[in-house]
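S.K.: The structure is given below, and queries will be raised subsequently.
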Amino acid sequence: MPEETNRSGSIYGGTADPCAVILFGASGDLAKRKVIPAMYDLAQYKSLGERYAIIGFARTPMTDDSFRAMAGEAAKTISEVGPIEPAKWDEFAASLHYSPGDYADQNSFAQLAKRLAEIDAEKKLGGNRLFYLSTPPEVYPDIVEQLGRAGLARPSNPGSWVRIIIEKPFGRDLATARELNKIVLNVFEEKQVYRIDHYLGKDTVQNLLVLRFSNGIFEPLWNRNYVDHVQITASETLGVERRGGFYETAGALRDMIQSHVLQLTSLVAVEPPASFDATAVRNEKLKVLQSIRPFNLEMVAQSVVRGQYAPGKAGEKALAGYRAEPGVNPNSRTETFVAMRLLIDNWRWAGVPFYLRTGKRLAKRSTEIMIQFKRAPHIVFREREVEPNRLILNIQPDEGVSISFGAKKPGTEMSIGNVTMNFSYCEGFGGVSRSAYATLLNDCLRGDPTLFDRGDSVEAAWSLVEPILEVWSAAKSVSVPQYASGTWGPRESDQLLEREARQWYNP
Ligand code: BG6
């Protein structure tokens, strides 16, 4: 049983054990933008105690001082945790250290072990260690194996803990995910492994469980008897920015659907867990993935649409197409958009389509879940065409929940208008927002894996997308539909729903 996560007193909760966080890939974008600022945030909220150290490890040669300067520069300009106060940053930066090295080199890890032991003794960290892999995924196996060889993967004394956070992508298909799980579990025990998906750290995503399982009014309707269909949209306005090289090896199906969008699907569809503990919640989520009808060739052709952004406009600004982005092959067939229809073959959801879509350079940035309910069985009013009820969960950026229903328009006629009742997180709870990374780091530091992915779930998610990847990679002569940047994707995406007399609900 994980310890109870206590978030009272601060937005992240009380104080974690003394510990060292060893950040692999410390000079990279993710470390600078998210992980180090998240640690800073935890320190400000006193969720890290007085005794902690962050040891950066990467190939770039740097001293402690130059690492502190680099991290400080990044935290002040690109960090996503809000304004950084210079005096507080300086205090925090004293806990940053750096140990340069190569990920496959045994000596570098011996050096790291020595450094770690010195810092641990000096700061009295009690041997508690969290390794954070924020490197390119190709080097995960090297790091894990070297940690094992250096004797760093096991607690050094009976009262201490060692954990490892592994960033997505966890594998690039089912075979590589299995292989990586094998390598990791050769060195670490499953209970030490925290596979991170930052969507699970968003409060609005966690709210899905609270909305469903702490209220009496939604759950009775949350099934095939009342739900017509579900739509999940994760749309971005940005293109691939500086990540063209990486994105060419990924694409939207691997980058977003296999992870974030299937996580959201699991939480919408999950059965009530026996309790809110890691095993119970993760068992139920796994069952959802296992109940999704596997794709075959015919289903891929009929139910999955891909697209790639072509040049377009945002207001007056001209936007380049994907193939003209730096690091992208001018003839690339990598998809930047996916829309798909899936079915969950269980008693709750039999026959209810789930439509998922995600893409870059779309018309609006929004992550939203829309549950459309079946229409009233019989309308007695003259006006027969009433809108269906919709429950909309805005995950980001306008965090909140809204519900739409028909109301009588003022006047003598029995005329019906569609109205919306809104709950805004910001208005309801005073705009306190937590960083998803800080939330998850904090959970990991406390030994609570509820919001992390288990090895079997990651593999189940890859099993699901695998046939789609196979069909696409075999169909080399089929062109990838293009869509103008700043729109809602290719025409084929609309047709996917129109065939069933439905429409996308655009945020
Ligand atoms: C990442 C993907 O996991 O999630 C990116 O690799 C994507 O391509 C990002 O842009 C979206 O995250 P968020 O929190 O901005 O919705």
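S.K.: According to a simple spin-label model (label point 7 Å from Cα along Cα-to-Cβ), what is the distance in nm between K76 and T176?
M.R.: Taking the two extended label points, one gets 3.8 nm.
S.K.: Working from Cα positions, state the angle (0 to 90°, nearest 10) between the long axis of helix 203-213 and the longest principal axis of the chain.
M.R.: The angle comes out near 60 degrees.
S.K.: Check the straight Cα-Cα distances from K191 and name the lysines below 30 Å, setting aside those fewer than 8 residues away within the same chain.
M.R.: K32, K34, K46, K114, K123, K124, K168, K182, K202, K285, K287
S.K.: Now, a different point. With N set to the number of residues, divide the alpha-carbon radius of gyration of segment 386-507 by 2.2 N^0.38 Å and report two decimals.
M.R.: That works out to 1.58 for segment 386-507.
S.K.: What fraction of the Cα pairs in segment 328-391, stated in percent, has a spacing above 18 angstrom?
M.R.: Counting pairs separated by more than 18 Å, the tail of P(r) holds 62 percent.
S.K.: Right, here's the next one. Could you tell me which trypsin sites (Lys or Arg not before Pro) in segment 116-224 are loop residues by DSSP with no more than 16 other beta carbons within 10 angstrom of their beta carbon?
M.R.: K124, R224
S.K.: Can you list the equivalent-ellipsoid semi-axes of segment 301-437, largest first and in whole Å, using the square root of 5 times each Cα gyration tensor eigenvalue?
M.R.: 36, 22, 18
S.K.: In nm, to one decimal, how far is the modelled label at N296 from the one at A376, with both set 7 Å along Cα→Cβ?
M.R.: 4.3 nm
S.K.: What length, rounded to one decimal in nm, is gained on full extension from T249 through to E385, with 0.36 nm per residue of separation minus their alpha-carbon distance?
M.R.: Taking T249 through E385 to full extension adds about 44.3 nm, to one decimal.
S.K.: Provide the FRET efficiency to the nearest 0.05 for the K476-K88 pair, computing r from the beta carbons and using R0 = 56 Å.
M.R.: 0.55
S.K.: Right, here's the next one. Using only the Cα atoms of segment 416-477, what are the Rg and Dmax in Å?
M.R.: Just the Cα atoms of segment 416-477 yield Rg and Dmax of 20.6, 53 Å.
S.K.: Got a sec to turn the phi values of segment 388-400 into Karplus ³J(HN,Hα) couplings, 6.51 cos²θ - 1.76 cosθ + 1.60 with θ = phi - 60°, whole Hz, x for Gly and Pro?
M.R.: x, 6, 10, 10, 10, 10, 8, 7, 6, x, 8, 5, x
S.K.: For helix 436-445, what angle does its Cα long axis make with the longest principal axis of the chain, in degrees from 0 to 90 and rounded to 10?
M.R.: The helix 436-445 is inclined about 50 degrees to the chain.
S.K.: For n ≥ 4 DSSP H runs only, could you compute -39500 (n - 2.57) per run for the chain, divide by its residues and tell me the 222 nm figure to the nearest 500?
M.R.: It lands at -9500 deg cm²/dmol.
S.K.: Right, next: Under a Cβ-Cβ cut-off of 12 Å, what is the net charge of the residues other than V338 that fall near it, where Lys and Arg count +1 and Asp and Glu count -1?
M.R.: Taking every other residue near V338 into account, the sum is +2.
S.K.: If you don't mind, there's one more thing I want to ask. Got a number for the accessible area of S415? Probe 1.4 Å, square angstrom, nearest 10.
M.R.: Counting only protein heavy atoms, the figure is 30 Å².
S.K.: Could you state the orientation-averaged shadow area of the convex hull built on the Cα atoms of segment 139-251, in nm² to one decimal?
M.R.: Spelled out: convex hull of the Cα atoms, projected over all directions, averaged, 11.8 nm².
S.K.: Could you give the nm distance between label points at V432 and R224, where each point is 7 Å from its Cα heading toward the beta carbon?
M.R.: Label at V432, label at R224, 4.3 nm between them.
S.K.: Another question, if that's okay. Between rounded, prolate and oblate, where does the chain land on the alpha carbon gyration tensor, with a ≥ b ≥ c its root eigenvalues, rounded for a/c under 1.5, else prolate if a/b exceeds b/c?
M.R.: It is prolate, given that a/c is not under 1.5 and a/b is the larger ratio.
S.K.: Quantify, in whole percent, the carbon and sulfur part of the accessible surface of the chain (1.4 Å probe; protein heavy atoms only).
M.R.: 53 percent
S.K.: Take the alpha carbon gyration tensor of segment 1-137, find the square roots of its eigenvalues, order them as a ≥ b ≥ c, and report rounded if a/c is under 1.5; if not, report prolate when a/b exceeds b/c, else oblate.
M.R.: Cα axes put segment 1-137 in the oblate bin.
S.K.: For the chain, give the magnitude of the charge dipole about the Cα centre (Cβ charges: +1 Lys/Arg, -1 Asp/Glu; no others), in debye to the nearest 20.
M.R.: 800 debye
S.K.: From the phi angles alone, apply the Karplus equation (6.51, -1.76, 1.60; θ = phi - 60°) to segment 350-360 and give each ³J(HN,Hα) in whole Hz, x where the residue is Gly or Pro.
M.R.: After applying 6.51 cos²θ - 1.76 cosθ + 1.60, I find 3, x, 9, x, 10, 9, 10, 8, 8, x, 9 Hz.
S.K.: With θ set to phi - 60° and the Karplus curve 6.51 cos²θ - 1.76 cosθ + 1.60, what are the ³J(HN,Hα) couplings of segment 123-130 in order, to the nearest whole Hz, using x for Gly and Pro?
M.R.: Along segment 123-130, the couplings run 9, 6, 8, x, x, 7, 9, 10 Hz.
S.K.: Taking H placed 1.01 Å from N in the peptide plane, check which residues at least 5 places from A484 or on another chain put their amide H under 5 Å from its amide H.
M.R.: Hits under the 5 Å cutoff: A310.
S.K.: Any chance you could list P(r) for segment 80-137, counting all Cα-Cα pairs in 5 angstrom bins from zero, rounded to whole %?
M.R.: 4, 13, 17, 22, 18, 15, 9, 2
The values are calculated or read from the model by the stated rules, or taken from the named source; none is laboratory data. Since this is a predicted model, take the numbers as computed values, not measurements. Quick reminder, even Gly has a Cβ in these numbers, built from the backbone with ideal geometry, and neighbours come from all protein chains shown. Remember, those area values only see protein heavy atoms, side chains included, never the ligands or the DNA or RNA. Shrake-Rupley method; radii C 1.70, N 1.55, O 1.52, S 1.80 Å.
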